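Since the structure comes first, as structure tokens, the remarks are kept for the end.
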Amino acid sequence: MFGGSRWQSMSKAQVQMVALTSIIALFGAVWMATSQPQEQSCCRCFPGDDCWPSPEEWNGFNETISGGLIATVPIASPCHDGFPGVEYDAEKCADIQANWARPSLHFASTHSTMASFFANLSCDPFTPRDSPCVAGAYVSYAVNASGVSEYRETVAFAKKHNIRLVIRNTGHDYMGKSTGAGALALWTHNIKALSVLDYTSPAYAGKAMKIGAGVQASEAQALAKANGLVVVEGDCPSVGIAGGYTQGGGTSPLASKFGLAADQVLEWEVLTGKGEFLTATPTQNSDLYWALCGGGGGTYGVVLSMTVKLHQDQPTAGATLSFAESSDVVYWNLVRSFLMNLPAILDAGATVYFQFLPGNTFSLPQSYFLGGTAEDLEHLFQPTIQALNQSGIPYTWNSSDFPAFRDAFDTLNPEMDIFEFNLGGRLIPRSLVLSEGSATSLVSAIKSIVAQGGIVAAVAMDVSRPPTFPNSVHPLWRESVFMTFLGTMYDRLNMTNNIIDQRKVTHVFDPALEELTPGGAAYLNEADIHQPDWQNVFYGANYPRLAAIKKAYDPDGIFWGPTAVGSEGWSVSGDGRLCKTPT
Ligand SMILES: Cc1cc2nc3c(=O)[nH]c(=O)nc-3n(C[C@H](O)[C@H](O)[C@H](O)COP(=O)(O)OP(=O)(O)OC[C@H]3O[C@@H](n4cnc5c(N)ncnc54)[C@H](O)[C@@H]3O)c2cc1C
Ligand SMILES: *[C@@H]1O[C@H](CO)[C@@H](O)[C@H](O)[C@H]1NC(C)=O
Ligand SMILES: *[C@@H]1O[C@H](CO)[C@@H](O)[C@H](O)[C@H]1NC(C)=O
Ligand SMILES: *[C@@H]1O[C@H](CO)[C@@H](O)[C@H](O)[C@H]1NC(C)=O
Ligand SMILES: *[C@@H]1O[C@H](CO)[C@@H](O)[C@H](O)[C@H]1NC(C)=O
Ligand SMILES: *[C@@H]1O[C@H](CO)[C@@H](O)[C@H](O)[C@H]1NC(C)=O
Ligand SMILES: *[C@@H]1O[C@H](CO)[C@@H](O)[C@H](O)[C@H]1NC(C)=O
């Protein structure tokens, strides 16, 4: 048990030591430096505590969920000697290491996070064989849910025993929202119900898709394609489409045509924090509908399914572009021409992915134009291509026609690995690329980030059209020309480097863009975990209403995640335990 006296009796140097260890343990979070030791009663119950359920209680719970309770055995445990019941196995370990960047290794598991930072080296495949391998920062148990009955039992059990609850779908989350030390995970991965419907409501009549909580983007797109249709999905085929992706907004190669993923939703089936199973539509439980469409995953309730609009599939053009140039002046002038070319490309309905890599290297690995031709795309990019021609530097441009959207997508984006990244980001308003003066400032900011070792990637979409039904997507999305995804490569072997780099994101990289976009926004799913003023930056003017809805549907605060709406009341302490934030 902690007590104030223990802290008072420490020397100043000791306190500094403890604070430093805590900061490192907490991935550089600042709040530990000032927080007070917690009474256990102000915390979620943790493994080893007296309040932690007995084996009999876990068994009893397991029976209520048809034997679906799974204790965490870290996927990298064959790389170490220490995990009970698992033998070291060099061959298995080599295979785990080789596939660590593949999403499938993680999403098939009950606990592993794709952003390794949040695993806190609990059982890491790249640390030496004799390094610790413990459940640690991973969830302790997961419930293999198949429907609302497991949802109900799991929420009730977590509440009764004061256990931290986490909703886990695929584990793609970059913000640490789908994991937690000592937590019970409600694992939705196997809820795969999926169907195409003729949907009729007063506000929409047409093709729709009902998508179970565990369905992944590629599964939904395959069924849509078989019906001559497309569904708005993200760039990573294994992201859970009804989970954090759509609930957080959802960028898409189809967004310039149809809007964000959250703009497509017709209804949600959801178990709230109060234990009520509700349908939320624009007219029924409309506040909950509004919050779930863009207000962030894992916050208001557990979604069982969502129903979204589908659209007609069409022949699709795809193009790629790349160039590199040693002269700074030439390179960044070309970049400026490209950025000022974007509004015309997006207005036509195309979506563009591009990156600024080290060594003055520009890469545009994917762009899509549903309903357009390769020739159309070449015409849209004409100002950029002309500038490249005039500069005389070598470049590669390739545009192709594909019979359907999925063909373009699978060709240009064949196997997506996890970006292991110390992440930050910002939405860039269209106004910044409309004049040469502001575009020059934007280029300088990007240049300064790259010059200091950053990588800047971007998704450019036109999502300015208001959605059919109002939703809680950050209003500044409607004014944006692209979102940046920036930072440095995650260092698998040196956590200190990651902590230092994440600070650089918070204090150097993001501010370079913030300075140009005062009062601006970042994408809540792809941003800096230490973003200052995250309530405004991630949610904007919607925050107070979202917080009120959170309180109404989850009054006990059973759903919690870092930077989720209403998360201020709790914070993670040095050992990973979730505790009430000292007031
Ligand atoms: C390689 C990669 C590529 C990506 N590409 C894109 C992209 O192109 N566009 C884009 O917008 N985003 C993209 N993302 C980000 C992605 O949208 C988020 O990581 C998102 O949170 C993933 O949702 P999930 O449900 O699959 O993952 P999880 O990590 O399992 O869950 C994420 C969050 O959603 C909550 N959640 C999950 N299921 C439910 C449910 N049924 N009910 C309530 N809450 C739930 C969780 O509690 C958690 O808060 C990408 C991420 C990665 C790693
Ligand atoms: C839950 O019950 C099933 C079926 O009896 C069993 O296989 C499983 O090991 C149990 N889970 C735990 C964590 O004990
Ligand atoms: C989870 O449950 C599904 C049935 O709903 C089953 O097919 C699957 O094997 C289970 N997964 C694990 C890891 O137990
Ligand atoms: C650029 O140069 C290529 C090759 O010389 C030419 O085919 C193309 O028409 C030029 N494009 C523009 C937009 O100037
Ligand atoms: C252009 O792209 C298409 C489709 O990806 C590909 O088949 C073709 O080989 C590419 N051409 C060149 C010259 O790279
Ligand atoms: C880890 O990185 C830090 C900071 O860059 C460095 O000082 C330290 O020596 C590195 N540790 C190892 C084991 O390489
Ligand atoms: C992270 O790991 C360190 C070292 O094992 C440990 O002391 C700390 O409690 C862990 N922190 C969290 C949040 O899990």
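The values are calculated or read from the model by the stated rules, or taken from the named source; none is laboratory data. The shown structure was predicted, so the numbers you read here are calculated from the model rather than taken from an experiment. We place every Cβ from the backbone using ideal geometry, glycine too, and count neighbours over all the protein chains shown. Heavy atoms of the whole protein, side chains included, go into the accessibility calculation; ligands, DNA and RNA do not. Shrake-Rupley method; radii C 1.70, N 1.55, O 1.52, S 1.80 Å.
What is the distance in Å between the Cα centres of region 262-318 and region 422-492?
Using only Cα atoms, the two centres lie 26 Å from each other.
Note the full-extension length gain between Arg465 and Gln97 as 0.36 nm times their separation in residues minus their Cα-Cα distance, in nm to one decimal.
So the chain would gain 128.1 nm between Arg465 and Gln97.
Using alpha-carbon pairs under 8 Å, 6+ residues apart, how would you state the relative contact order of region 316-539 in percent? Present the calculation step by step, with values, prior to reporting the outcome.
On the way: 402 pairs, mean separation 55.0, N = 224.
Taking the mean separation of contacting Cα pairs over the length of region 316-539, I get 25 percent.
Please report the relative contact order for the chain, taking Cα pairs under 8 Å with a sequence separation of at least 6, and give it as a percent rounded to a whole number.
On the way: 1268 pairs, mean separation 85.9, N = 583.
Reported as a whole number, the value is 15 percent.
Would region 318-405 count as rounded, prolate or oblate if I go by the C-alpha gyration tensor, calling it rounded below 1.5 in a/c and otherwise prolate when a/b exceeds b/c, oblate otherwise?
It is prolate, given that a/c is not under 1.5 and a/b is the larger ratio.
Give the calculated FRET efficiency between Thr411 and Tyr204 to the nearest 0.05, with a Förster radius of 22 Å applied to their Cβ-Cβ distance.
Details: r = 32 Å, r/R0 = 1.45.
Efficiency computed from Cβ-Cβ geometry: 0.10.
Sort largest first and round to whole Å: the equivalent ellipsoid semi-axes of region 316-539, each the square root of five times a Cα gyration tensor eigenvalue.
Listed largest to smallest, the semi-axes of region 316-539 are 27, 21, 18 Å.
Taking the simple approach of a point 7 Å from Cα along Cα-to-Cβ for both Ser104 and Trp52, what is their distance in nm?
Here the answer is 3.5 nm between the modelled labels.
Stretched out fully, how many nm does the piece from Asn398 to Glu378 gain, at 0.36 nm a residue minus the Cα gap?
Working: separation 20, 0.36 × 20 = 7.20 nm, distance 0.88 nm.
Fully extending the segment from Asn398 to Glu378 adds 6.3 nm.
Of all accessible surface on region 146-235 at a 1.4 Å probe, what whole percent is carbon and sulfur? Could you put the intermediate results ahead of the total?
Details: 1560 of 2900 Å².
Looking at region 146-235 in its full context, I get 54 percent from C and S.
Rounded, prolate or oblate for region 375-440? Axes are the square roots of the Cα gyration tensor eigenvalues, ordered a ≥ b ≥ c, and the cut-off for rounded is a/c under 1.5. Write down the numbers at each step before the final one.
Numbers: a/c = 1.82, a/b = 1.11, b/c = 1.64.
Judged from the Cα gyration tensor, region 375-440 comes out oblate (a/c at least 1.5, b/c at or above a/b).
May I ask for the distance between the Cα centers of region 195-249 and region 515-535, given as a whole number of Å?
Here the two parts' Cα centres lie 28 Å apart.
For each cysteine in the chain, check whether another cysteine's C-beta sits under 4.7 Å from its C-beta; list those where none does.
Cys42, Cys236, Cys293
Keeping all protein chains in place, calculate the accessible area per residue for region 316-539 (probe 1.4 angstrom), answer in Å².
38 Å²
Per DSSP H run of n ≥ 4, the term is -39500 (n - 2.57); total these for the chain, divide by its residue number, and report the mean residue ellipticity at 222 nm rounded to 500 deg cm²/dmol.
The per-residue figure over the chain is -8000 deg cm²/dmol.
Taking 0.36 nm per intervening residue step and subtracting the Cα-Cα distance, what contour gain separates Phe277 from Gln312 on full extension?
Extra length from Phe277 to Gln312 when fully extended: 9.4 nm.
How would you classify region 243-291 from its alpha-carbon gyration tensor, with a ≥ b ≥ c the square roots of the eigenvalues: rounded for a/c under 1.5, else prolate if a/b is greater than b/c, otherwise oblate?
Since a/c reaches 1.5 and a/b is larger than b/c, the shape of region 243-291 is classed as prolate.
How big is the dipole moment of the chain about its Cα centre under a simple scheme where the beta carbon of each Lys and Arg is +1, that of each Asp and Glu is -1, and everything else is neutral? Debye, nearest 20, please. It would help to have the intermediate numbers written out before the result.
Working: 34 positive and 53 negative charges, 232 e Å.
Result for the chain is approximately 1120 debye, rounded to the nearest 20.
Any chance you could give the angle, 0 to 90 degrees and rounded to 10, that helix 543-553 forms with the longest Cα principal axis of the chain?
Rounded to the nearest ten degrees, it is 40.
If I fit a long axis through the Cα atoms of helix 12-25 and take the longest principal axis of the Cα atoms of the chain, what angle between them do I get, 0 to 90°, rounded to 10?
60 degrees
Excluding Gln502 itself, what net charge comes from residues whose Cβ is under 14 Å from its Cβ, given Lys and Arg +1 and Asp and Glu -1? Could you put the intermediate results ahead of the total?
Values: positive: Arg503, Lys504; negative: Glu420, Asp491, Asp501, Asp510, Asp528.
Net charge in that neighbourhood comes out at -3.
Using a cut-off of 29 Å between alpha-carbon atoms, which lysines can reach Lys225, once sequence neighbours fewer than 8 places away in the same chain are excluded?
Lys192, Lys207, Lys210, Lys257, Lys309
Work out Dmax and Rg for region 243-365 from the C-alpha atoms and quote the Rg first, both in angstrom.
Expressed in Å, the Cα Rg and Dmax of region 243-365 come to 19.9, 62.
Report the FRET efficiency, 1/(1 + (r/R0)^6), for Arg503 and Gln355, where r is their Cβ-Cβ distance and R0 is 25 Å, rounded to 0.05. Mind showing how you got there, number by number?
Values: r = 23 Å, r/R0 = 0.91.
With a Förster radius of 25 Å, E is 0.65.
At R0 = 60 Å, how high is the FRET efficiency between Glu515 and Asn59 if r is their beta carbon distance? Nearest 0.05 is fine.
The pair Glu515/Asn59 has a calculated efficiency of 0.60.
Within the chain, what's the longest run with no GluC sites (Glu not before Pro) in a DSSP loop and at most 15 other beta-carbon atoms within 10 Å? Give the range, please.
By the stated rule (loop sites, at most 15 other Cβ atoms within 10 Å), 88-275.
Using a 7 Å offset from Cα along Cα-Cβ at Ser326, what residues in region 336-374 end up with backbone N under 18 Å from the label point?
358-362
What is the percent carbon and sulfur in the accessible area of region 316-539, measuring with a 1.4 Å probe over the protein chains and ignoring ligands? The partial results should precede the final answer.
Values: 4530 of 8520 Å².
The value for region 316-539 is 53 percent carbon and sulfur by accessible area.
Based on alpha-carbon positions alone, could you give the equivalent ellipsoid semi-axes of the chain from the gyration tensor, as √(5λ), descending, whole Å?
39, 29, 23
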